[in-house]
Every structure is written in C-alpha cells, then in structure tokens.
1. Given the structure, is Glu109 touching a strand residue (DSSP E or B) at 6+ places or on another chain (Cβ under 8 Å), surrounded by 13 or more Cβ atoms within 10 Å (Cβ to Cβ) and not hydroxyl-bearing (Ser, Thr, Tyr)?
2. When Ser349 is evaluated against the numbered criteria (1) small (Gly, Ala, Ser); (2) modelled with pLDDT of 90 or more; (3) assigned to a helix (DSSP H, G or I), which criterion, by number, is the only one it fails?
3. Show me the helices (runs of 4 or more DSSP H) entirely contained within segment 170-280 in which 2 or more residues are at pLDDT below 90 and within 21 Å of the chain's Cα centre (by Cα).
4. Kindly indicate the residue of segment 55-83 that is modelled with pLDDT of 90 or more and in a loop (DSSP other than H, G, I, E, B) and also nearest to the chain's Cα centre (by Cα) among those meeting that condition.
5. Under 8 Å between Cβ atoms, which residue pairs at least 6 apart in sequence (or on different chains) link something in segment 314-328 that is part of a helix (DSSP H, G or I) with a partner that is among the charged types (D, E, K, R)?
6. Which pairs turn up if I take residues in segment 241-262 that are farther than 25 Å from His340 by Cα and look for partners that are β-branched (Val, Ile, Thr) and outside any loop (DSSP other than H, G, I, E, B) with beta carbon separation below 7 Å, at least 6 apart in sequence or on another chain?
7. Report the residue count in segment 352-395 for those that are surrounded by fewer than 17 Cβ atoms within 10 Å (Cβ to Cβ), of a type in the set (Val, Ile, Thr) and at pLDDT 95 or above.
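The values are calculated or read from the model by the stated rules, or taken from the named source; none is laboratory data. Given the structure is predicted, the values throughout are model-derived calculations rather than measurements. FYI the Cβ positions are ideal-geometry reconstructions off the backbone, even for glycines, and counts take in every protein chain you see.
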Amino acid sequence: MAILSLTVVPCKALKDGRHKVRIAVAHRSQTRYILTDVIINSTKEWKNGKIVKRDDATYLNTKLLQRMQEVQRIIDETPYTEGMTCAELVATILHTRGKKTHTLRSAFEEMLEVSTAKDTTKERYRTRFKSITSVIPETTFMSHLTPLMVQRFMKKRGAEIAPITLQTQVTLLSQIVKFCQMNGYTDFRIPPTQGCYHRVVAVRQNWLTPDQVRFIRDNKTNRRGYNKFRDLFMLSYYLGGINLIDLAHINFNVCADTLHYVRTKTERKTKVNPYVEFEIPSEAKPIIDKYKGEDGKLKMYKAADINQCHSMVSTVRSYRDDYGLPGLTFYSARKSFAQHAFALGESESVIDYVLGHSLGGGHNKMLYAYIKVTPEMATACVRKVCDFISSSRNL
C-alpha cells in the first residue's frame, strides 16, 4: 500500500535558493517524489509537513492537501498497484493527472509527435493550428473546449478566409478532439466539433476542351515563360496528368522509356496500386529531351529544378488572361487528361491507376478485390488520349 506525505528535499533547491514542495510516494520499500507548483522561500517556512510563517500559509496548505487527495484518488482507482514498483506507480499517477491538464497546444504537439504524416504535411498542420489559436487560446484546456467556442471560431474565421480553408482548419480541430478522446484525455458529453457545418466545396471544373488543349500545344510565342509553360503543361498531359511535384522528382535517365513513380500526395495512403507505370508516349520525349539535365531531372533554368520555379503561378495567370482561357491552371492538364480519357470510354479503374489515386470515399473499394489494372492497360489508355489529341476529332 502506498503512503503519501508532503515534504521538502533540501538538496533539490532551486537556483535562487527557494524550494518546491513535493508529494512523497512510499511504496514497496522505495520512495519517489511528485512535484507540485507550490514554492516556499526557504526551509524555515516548512515544519512538520506544513507551510508556516507566511501570510498565505493556510491557502497553500489547503492547496497541497487537495493535490495529495487527488493523487490518493488516482491510486485508489488504479488496479493492481501492489504489483507495481514505486517508479511505475508514480509514472501511472503522472500520466493520469496529465490527462486532465492537456491544453489545445499540448494535445496538438502530442498528436504530431505520434503522427506518421510527412514533414511537409505537419508544417501545413502547424499553419492551420496557428490560425485556430488566433481565436481559441492555445492554453485552453481540452476539457474546457465547448461547441460554442468552436462556433465562434467558425463565425470569426469564416468572415476572413475561403470556405475550403475554414474547412481544413475545422477538420484539424476535429482531429485534435478525436485524438484526446481516443487517448482518454477528455470525456466530452458533447464533442466540441459535433455538428459543425461544413460547406460543400464545389469540385473545380477547370478541365479544358480538346481544342483548347490543342491551342496550347500549337501556340508558339516570343515570350520564353509562355513557351516553357506550354511545354510543361503538355508534358503533364501526355504523361497522364502527372503533377508538377512528381514531374520534378523523376529521373528520366532511369525512366527513359517507361514512366514509373509513386505519387507524392498519396504515397502514404491506402492504394491498390502503390505506383504508376506506363510507357512514355512519343509526344512527350522531345519535351523531356529539351529540359532534361545531366542528372536526368527536368530543369526550368540552368540551376533550378522545375519545383523551384515560383514564377509558374504568375505565368499561368498571364497566359490565361492573354488567351482567354478562364479557369486555366497547371492542374488543368491533369483534369483535362482524366476528362478526355473518360469521354473516350476508358474505365474509371484505369484512369485511377494512371492518376495515382488513393482509395477515397468515392471509389468502389470492393471492385478492386476482384480486378487489377496493369501497366499495359495504362499504356493503352495514355496512347488513346495522345492519339485523340493529335487528331482533329472532338468529344
């Protein structure tokens, strides 16, 4: 049976000579200490387990008694304490007490610590968390978080940011709440984020018609930036709508004839096909040779990889405005490839494979237990789209 007492350890004085009062836990012939937040100026203010010679002595003694009663309650509610060592018992006490004192910040940091997300994803989480704490203080105890606080946050931030941005921040807040519930840190009667209104964000319909893609392909200008955008846009289209970040990582010395890569965005998500693989169409090879460096990576400039080309965004905007292509983004190459492939009769499963999608909520997951898309099928799909865009046909 554990025996508790209040004590001051003279050899553990703080740098300024003051002392923290500790709760001594004696168990199985060993003693361990639990720190409290009560500090006395010297050992002269401590006598027989109580604080003396201070105006606030009664208040502090009452506070210490409550702390000791809390520790005793935890011990009483912990099963099989007789089988624990003193160190194990103290660790259990501290862990159980920590459940009651998790703040929004500490819960978020602990969630990130055990998360398997990529570092870039964690940085995005930190940015969203900073926005959350601009309204809800990061020192807020998770147990004190209420639906009203979340609703006020949504109202204030909803007037300042786009709906999709607000949705990502509310989703992060929901993840923090669920993390605390899963670990027993909180026991909400009503979860703070329950019933939060999520505006349905419309899917961006920024795919281009076949004629618009052909216009970009054939449009040669005197502006170097426009020509580079055209080349990379068409390369993305020819390579099954590959994203710019994935295009930047591919070594075309290795993938000279067959493209093989793992999509960066979904590399840690559940996928039937862990990689994308198909033969590189002949239309893409002249563009690859034009921008490929000695290391096999594509170069926008002499010393810059394409993923370091921050001018791409402004170039796309200018190109869109100058040539009357509303909604045009670099992502339009990916959307257009998928739309054209679907319109040409390619199955969703093959398009999923070429795009490198994970198994999201809109997929028929059971179907993938019975079928398998092969690189040969993906090659045929890419070839069909390239042949179509090379012709003058319309959908």
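1. So Glu109 fails the test.
2. (2)
3. Details: elements: 210-218, 224-238, 244-249.
So the answer is 244-249.
4. So, considering only residues that are modelled with pLDDT of 90 or more and in a loop (DSSP other than H, G, I, E, B), the one nearest to the chain's Cα centre (by Cα) is Asp56.
5. Sorted first by the residue in segment 314-328, then by its partner, the pairs are Thr315/Lys228.
6. Correct list of pairs: Phe252/Ile288.
7. 0
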